[in-house]
Amino acid sequence: MNSLRTIPSVNAILNTPPLLDLQDEYGHDFCLEAVRIILAEIREEVSKGKALPDEAQLINRISNYLKTESAPSLEPLINASGVVLHTNLGRAPLSQSAIEAISMIGLNYSNLEYDLEKGKRGKRDIHAADLLIKLTGAEAALVVNNNAGAVMLALAALANRKKVCISRSQLVEIGGGFRIPEVMRLSGAKLVEIGTTNRTHLSDYQTAIEDGSKLVLLAHQSNFKIVGFTGEPSLSEITELAAQYEIPVMHDLGSGALIDPAVFGLESELTVQKAIADGVDLACFSGDKLLGGPQAGIIVGKAHLLDKIRKHPFYRALRADKLCLAALSATLLEYLKGSAIQNIPVLNMLNRKEADLKAKAESWQKELQAGEVIPGESMIGGGSLPSQSLPTWLLAFKPKSAKKFNQRLRSFESPIISRIEDNLVLVDPRTIQTAQEEVLLSQLKTALSEEL
């Protein structure tokens with residue numbers, strides 16, 4: 001009881017020089033909350049027989065509380081996993097030009113919805129549209145907040161209460177519970193399944209169209225692959241058939257590659273440009289996957305269809321903000337200038353050569369005087385290019401406990417996300433950016449020294 005009486009009051013603590021300094025940094029109200037919470041903890045501890053902390057210990061606890069509670073929950077980290085488009089780690093890191101565009105637009109007012117020439121209200125959907133039209137060959141383009149929103153918006157605008165046919169092999173579910181059938185139901189479209197899981201024929205599409213389907217939907221199998229006894233008509237065959245009946249073909253391309261992944265030694269992928277050239281009336285794709293930009297849903301295609309989509313009430317709920325449009329425009333400009341592979345991090349990572357990755361891993365091993373350089377595979381990730389990988393070289397460590405070592409790597413100020421295979425902790429240089437190397441090695445040294 002006597003110890004409880006000696007606990008200083010809230011006001012007494014707030015008026016000490018250290019707390020006055022903390023109030024300058026964190027504000028009075030936040031510090032008041034911290035003092036009350038820490039004092040309540042101390043009272044409970046003292047009542048259970050623990051010693052009363054001295055003033056320095058008390059101030060330190062209050063300071064730590066303030067630091068912890070004010071730290072952002074979203075923080076940068078080092079992706080050493082080798083998964084290039086890691087959904088849990090934010091997918092595509094942005095290019096320097098995209099970051100500069102965000103900074104410039106974020107710091108200032110902008111002509112987001114203002115026509116500078118006419119001096120009156122303009123339209124936000126023009127931003128990035130011209131670049132998308134130039135790059136894809138489409139007649140028009142529209143940007144919303146993500147690809148799931150793009151698909152739902154397009155279906156709601158074009159196929160509400162109408163039949164939409166899609167092959168059973170394309171009724172996909174991707175991460176986060178995004179299911180094509182559910183999106184179609186929410187949009188108001190009536191799902192018509194055609195073909196079988198492994199084989200769909202052109203006649204299946206024709207039967208569905210003649211039975212009243214008003215739109216053909218194609219969906220990229222973004223996170224799985226069907227192999228074996230399979231078959232489906234070509235994209236050009238489907239678009240030619242639909243054109244005969246004057247109904248649109250909409251393709252959910254998922255990742256939305258503007259550069260064929262075959263350039264990087266991967267399997268060839270239908271690019272947005274090729275889809276448009278093959279007669280697709282609408283193509284939807286993500287901005288933050290193989291495109292390498294910010295999270296966005298992009299719709300390109302025929303102008304008269306985009307006009308209908310733009311006028312739908314859902315568009316206002318799903319439209320992209322100024323920072324997304326700024327970053328996306330800067331990303332697309334890299335493609336137009338021919339500098340995408342060099343300057344867009346995702347493409348640069350995919351383009352890294354085996355010999356360079358091996359040399360990098362060996363240089364790290366030499367500096368750390370630990371680990372073993374072994375061959376491995378880097379995954380593409382992000383629901384892009386299912387089952388495909390690129391050869392890489394890994395720096396492998398065999399600690400006493402791989403799980404605990406991995407946990408230690410995640411606890412650093414710049415968390416390191418590695419992966420574990422066969423009780424080895426693996427660090428893949430493919431997904432580590434040059435600016436992060438010094439911090440990576442410093443933290444690895446610390447973790448390894450604790451193993452001794």
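The values are calculated or read from the model by the stated rules, or taken from the named source; none is laboratory data. No experiment lies behind these values; they were computed from the predicted model shown. Neighbour counts run over all protein chains shown; Cβ positions are idealised from the backbone, glycine included.
For this structure, a couple of remarks:
- Matching helices (runs of 4 or more DSSP H) fully within region 9-58 where at least 1 residues are within 43 Å of the chain's Cα centre (by Cα) and within 25 Å of A71 (Cβ to Cβ): 17-26, 28-47
- Output for region 41-54, where each listed residue is without any contact (Cβ under 8 Å) to a residue 40 or more places away in the chain and surrounded by 10 or more Cβ atoms within 10 Å (Cβ to Cβ): E41, I42, R43, E44, E45, K50, P53
- Of the residues making up region 124-140, those that are part of a helix (DSSP H, G or I) and farther than 17 Å from K274 by Cα are R124, D125, I126, A129, D130.
- Among the residues listed as L155, L171, the single one being crowded, with 20+ Cβ neighbours inside 10 Å and aliphatic (A, V, I, L, M): L155
- Scanning region 297-336 for residues that are in a helix (DSSP H, G or I) and on the phi > 0 side of the Ramachandran plot yields a total of 0.
- Those strands (runs of 3 or more DSSP E) of region 386-452 in which 2 or more residues are buried (at least 19 other Cβ atoms within 10 Å of the Cβ) and at pLDDT 95 or above occupy 389-397, 424-427.
Here is a yes/no grid of residues against (1) free of Cβ contacts under 8 Å to residues at least 24 places away in the same chain; (2) crowded, with 16+ Cβ neighbours inside 10 Å; (3) within 23 Å of Q388 (Cβ to Cβ); (4) in contact with a Ser or Thr (Cβ under 6 Å, 6 or more places away or on another chain):
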{"residue": "I309", "(1), (2), (3), (4)": "no, yes, no, no"}
{"residue": "R316", "(1), (2), (3), (4)": "yes, no, no, no"}
{"residue": "R319", "(1), (2), (3), (4)": "no, yes, no, no"}
{"residue": "L325", "(1), (2), (3), (4)": "no, yes, no, no"}
{"residue": "A340", "(1), (2), (3), (4)": "no, yes, yes, no"}
{"residue": "P345", "(1), (2), (3), (4)": "no, yes, yes, no"}
{"residue": "K353", "(1), (2), (3), (4)": "yes, no, yes, no"}
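- Scanning region 274-289 turns up at least one residue that is part of a helix (DSSP H, G or I), buried (at least 24 other Cβ atoms within 10 Å of the Cβ) and under 27 Å from the mean Cα position of the chain (by Cα).
- Summed over region 59-79, the residues that are out of contact with any Cys (no Cβ under 8 Å at 6 or more places or on another chain) and part of a helix (DSSP H, G or I) give a count of 10.
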